[in-house]
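Undergrad: Attaching a single structure in structure tokens format; questions to follow.
The values are calculated or read from the model by the stated rules, or taken from the named source; none is laboratory data. Computed from a predicted structure; not experimentally measured. Ideal geometry is used to build each Cβ from the backbone, glycine not excepted, and the neighbour counts take in all protein chains shown.
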């Protein structure tokens, strides 16, 4: 046992920074590819003569397949190893991006984006498991925070690249630039990530896995957290898709490059994530979730102000509130799961990405009915439900504390 501990990657060591940098690069590439199309939606709608909802499918089909793939990659990596699957995930993502740049019809583009979404899931499903195998406990706590920042930076960069390159050279050039960036990231990832030294293969047990997942879904506390995370993302991420159509039209008439800049509002979400742990030291986690949802509701209402500054301010509030609630809900899942915590967290991410992929279908009738005001109205309805669920969790939490012996 002591020998195994000696092989663990220690925080602050050269190996720690090498491995963590590799995982951040991999995360950056995956999420940059995932979000590349969001600022391009008006351009894709015009190029392929499709509606706003249909243009949004280029994003939602990827998130749908990514969410579903998480149920596959985790158990598969337990059986055959982590590193090779992560390299395959990044390499496959890069190859599909190159093929996307050559798409001549929208059906082909959607099929490729769906396949790409499934390939993308390999890295986020496995990266933290790799850290859990190879890092010491102290190093793991530090590395996870750094790794999540790679997710955020990848999402922002993908949107900025899509916006600026798309505006300058066209949508297909945005995919070509992303291909080049992905290949460079793949090479760096493969060179930097140390081989697994502490991994122990496990047999696949589909029946036991299914039993664990079914048990989580029957747990009302976990199910409430899954619905909160999924439906909050259902609204939050798809608001960004519809606001691109608002801002690309009169009176704003923003080009794709400036549409991409809107996604810098995600940076306030980094603060929301950071504050969630500190706030949770002073109030119950369900109350922090409720607080985040209330901020998200307020931000949505602020976007109704008829000015670009109002819209930006609203999305800054949205991002802060969403990530405050998301971080707290994710932490609640780890706390509330009585067993099989890894599969409980995986199921949370499945709901999370399924929410992202389906929110556009729900919001589109509201968009057709009343434009952006309709989108906000539809958003408030769903956020009212998630707020109610968070308050129900708070009530259950208080009952649990009162039932404990003094």
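Undergrad: Could you check the range 22-57 and list, in sequence order, the residues that are buried (at least 21 other Cβ atoms within 10 Å of the Cβ) and not in a helix (DSSP H, G or I)?
TA: Within the range 22-57, 36, 37 meet the criteria.
Undergrad: Now, a different point. Quick test for you: out of 271, 227, 258, pick the one residue that is more than 22 Å from the chain's Cα centre (by Cα) and assigned to a helix (DSSP H, G or I).
TA: Numbers: 271 fails: more than 22 Å from the chain's Cα centre (by Cα); 227 fails: more than 22 Å from the chain's Cα centre (by Cα).
That would be 258, the only listed residue that is more than 22 Å from the chain's Cα centre (by Cα) and assigned to a helix (DSSP H, G or I).
Undergrad: Does residue 348 satisfy the condition of being part of a helix (DSSP H, G or I), at pLDDT below 90 and either under 19 Å from the mean Cα position of the chain (by Cα) or surrounded by 19 or more Cβ atoms within 10 Å (Cβ to Cβ) (or both)? Show your work before the answer.
TA: Details: part of a helix (DSSP H, G or I): yes; at pLDDT below 90: yes; either under 19 Å from the mean Cα position of the chain (by Cα) or surrounded by 19 or more Cβ atoms within 10 Å (Cβ to Cβ) (or both): yes.
Answer is yes for this residue.
Table: residues versus (1) modelled with pLDDT of 95 or more; (2) under 21 Å from residue 96 (Cα atoms).
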residue	(1), (2)
9	no, no
13	no, no
20	no, no
32	yes, yes
35	no, yes
42	no, no
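Undergrad: If we keep just the residues of the range 303-319 that are under 15 Å from residue 244 (Cα atoms) and buried (at least 22 other Cβ atoms within 10 Å of the Cβ), which is farthest from the chain's Cα centre (by Cα)?
TA: Ranking the candidates gives 303 first.
Undergrad: Output the number of the condition that residue 356 fails; it satisfies all remaining conditions of (1) surrounded by 23 or more Cβ atoms within 10 Å (Cβ to Cβ); (2) closer than 30 Å to residue 215 by Cβ; (3) modelled with pLDDT of 95 or more.
TA: Going through the list (1) surrounded by 23 or more Cβ atoms within 10 Å (Cβ to Cβ); (2) closer than 30 Å to residue 215 by Cβ; (3) modelled with pLDDT of 95 or more, residue 356 breaks only (3).
Undergrad: Answer yes or no as to whether residue 400 is modelled with pLDDT under 95 and surrounded by fewer than 17 Cβ atoms within 10 Å (Cβ to Cβ). Quick ask: steps written out before the conclusion?
TA: On the way: modelled with pLDDT under 95: yes; surrounded by fewer than 17 Cβ atoms within 10 Å (Cβ to Cβ): yes.
Yes.
Residue by residue, here is whether (1) in the same structural domain as residue 219 (by TED's automatic domain parsing); (2) within 22 Å of residue 377 (Cβ to Cβ); (3) not in a helix (DSSP H, G or I) holds:
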| site | (1), (2), (3) |
| --- | --- |
| 286 | yes, no, no |
| 304 | yes, yes, yes |
| 312 | yes, yes, no |
| 319 | yes, yes, no |
| 324 | yes, no, no |
| 331 | yes, no, no |
| 334 | yes, no, no |
| 344 | yes, no, no |
| 355 | yes, yes, no |
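Undergrad: A further question on this structure: Quick check: is even one residue across the range 178-193 part of a loop (DSSP other than H, G, I, E, B) and not assigned by TED's automatic domain parsing to the domain that holds residue 352?
TA: Within the range 178-193, one or more residues are part of a loop (DSSP other than H, G, I, E, B) and not assigned by TED's automatic domain parsing to the domain that holds residue 352.
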